[in-house]
Amino acid sequence: MSRSLSVLLLSAAATLGSVSMAADDPGMGKDLSATIALQGLPCDKVVDAKRNGDSDYTATCKDGNRYHVFVNPQGRVVVQKL
Amino acid sequence: MRPKTPAPNRAQTPRPVPKTAASPPAPTAPRAGAVVAPGRPAAPALDLVSLEQRLRDTKAIGVFTKLSLKNQVDDLLGRFRDFYGKKSTATLAQLRQRYDLLLLKVLSVLQDGDPALAAAISASRETIWAILADPQKFATL
């Protein structure tokens, strides 16, 4: 019970140090779509994802919106509209 | 890359919380966002260690999504620390709204890919809140 509550709800920390995925991973688009939606930004479906580097993607949505999705040095996921 | 299914982009409207609600509702009260099907018993509340492991292991969400949610969980915990440290003007009712919204987010990203885990988290909603809303329990986290 004394475990961190952040661990309680989501404890992906062990795998979060280096988010690195292939852009052709079929789950990548879904992951990016969910990530963008969690930031409250519109994106009906990610139709293209370009990998810029480790933990760094440019996502293009079906509705034309484009986003830079990356993990900053503080370990936070940042979604910037392009 | 062509994902087979679009990611959920559901409206996330938290349940209205009465301004006077300074304590959590009864654990048996049905809550918005519950994913348990009508007519089926709720999944038993998980112990926290088990819940942690299932969240770590689930393939229903990717690592970006997991990290995004973890960021938001950490943010919420920070708000509770400020609340108990009297560094915030937020009320417990407002924190409850934020908690409910975050739970909705967690459930929305899990319910399609891992409905069993979503149901388990939903069933643990009040147990988790009871920890958050109790300064002594929260301090042990």
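Only one of the numbered conditions (1) within 15 Å of the chain's Cα centre (by Cα); (2) farther than 22 Å from A:Ile36 by Cα is violated by B:Asp75, and that is (2). Each residue in segment A:46-82 was checked for being surrounded by fewer than 18 Cβ atoms within 10 Å (Cβ to Cβ) and part of a loop (DSSP other than H, G, I, E, B), and 11 pass.
Considering the conditions (1) within 12 Å of chain A (Cβ to nearest Cβ); (2) surrounded by 15 or more Cβ atoms within 10 Å (Cβ to Cβ), B:Gln53 is excluded by exactly one of them, (2). Within segment B:1-21, not a single residue is among the charged types (D, E, K, R) and at pLDDT 50 or above.
Annotation note: of B:Leu69, B:Leu95, the sole residue that is free of Cβ contacts under 8 Å to residues at least 60 places away in the same chain, assigned to a helix (DSSP H, G or I), of a type outside the set (Gly, Ala, Ser) and within 20 Å of B:Gln136 (Cα to Cα) is B:Leu95. Among the residues of segment A:50-82, those that are in contact (Cβ under 8 Å) with a residue 24 or more places away in the chain and among the aliphatic types (A, V, I, L, M) comprise A:Ala59, A:Val69, A:Val71, A:Val77, A:Val79, A:Leu82.
When you look at A:Gly27, is it modelled with pLDDT under 95 and either outside any loop (DSSP other than H, G, I, E, B) or of a type in the set (Phe, Trp, Tyr) (or both), yes or no? In short, yes.
Screening B:Ala118 against (1) assigned to a loop (DSSP other than H, G, I, E, B); (2) out of contact with any Ser or Thr (no Cβ under 8 Å at 6 or more places or on another chain); (3) hydrophobic (A, V, I, L, M, F, W, C) leaves a single unmet condition, (1).
The values are calculated or read from the model by the stated rules, or taken from the named source; none is laboratory data. On a predicted model such as this, the values are computed, not experimentally measured, just so you know. With ideal geometry, Cβ positions are generated from the backbone for all residues, glycine too; neighbour counts draw on all protein chains shown.
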